[in-house]
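Reviewing the structure listed below.
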Amino acid sequence: MKRNMRIIPGMPKGSRMAVRRSALSSLTAVLASALLLAPALPAAAAAPTSCRGSSCTGKNPQSEGCGSGARVIDRVQPAGGGPEVELRNSSRCSAAWARIQKANSNWRFKIEIRRGHSYTANASPSYAAYTRMVGSSNAYRACVEIYDGRGGSWSCTGWH
């Protein structure tokens, strides 16, 4: 700061300090204004995803950064009643997965690729549970197992 400040011969020492304080105040005001006027980054820009499309298949939607901004595109409840399963899609990741809210851990749900692999998970009484993801270029659907003691019967969304 000293190098850029021009000292006028005969200027009292107290005046020099006033010039320095004034310059520092101006700089602080400019920086504060820039910070206040700068647009905030959207959440999507703040948290980059680490996969897209088929590279997301088999991965966790939360740890890959795909959960933020995802939307529910369909829902299904088991025949006879039970917890609702959501079919979620992330346009940022081009991937989909199934989610179930807190429920008895005996409830099983899955995301299924038409003529392909499925990822099954169990509900949790403590937190919302998720399946692994599938790339959304595939035809996929979410299903919840009908809790009848025998197992193997599923209620599913339509194909997306």
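The values are calculated or read from the model by the stated rules, or taken from the named source; none is laboratory data. Here the structure is a predicted model, which means the values were calculated and not measured. Here the Cβ is made from the backbone with ideal geometry for all residues, glycine too, and neighbour counts use every protein chain on show. For the accessible areas, the whole protein counts, side chains as well, though only heavy atoms, and no ligand, DNA or RNA atoms are used. Shrake-Rupley method; radii C 1.70, N 1.55, O 1.52, S 1.80 Å.
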> Between Gln101 and Asn122, how many nm apart are label points set 7 Å from Cα along the C-beta direction?
Replying inline: 2.2 nm
> Where the centre of each part is set by its Cα atoms, how far does the range 94-112 sit from the range 67-85, in angstrom?
Replying inline: 8 Å
>> How large is the accessible surface of His117 in square angstrom, using a 1.4 angstrom probe and rounding to the nearest 10?
In response: 110 Å²
>> If I take all pairs of Cα atoms in the range 45-102, what percentage of them are more than 12 Å from each other?
In response: 65 percent
> Counting only protein heavy atoms, what percent of the accessible surface of the range 48-97 is carbon or sulfur at a 1.4 Å probe?
Replying inline: 43 percent
> Which value in nm describes the separation of the simple spin-label points at Ser68 and Ser91, placed 7 Å from the Cα toward the beta carbon?
Replying inline: 1.7 nm
>> Let me understand the range 72-153 better: what is its radius of gyration from the alpha carbons, and its Dmax, in angstrom?
In response: 12.2, 39
>> Please give me the summed charge of the neighbours of Ser124: other residues whose Cβ is under 13 Å from its Cβ, Lys and Arg +1, Asp and Glu -1.
In response: +3
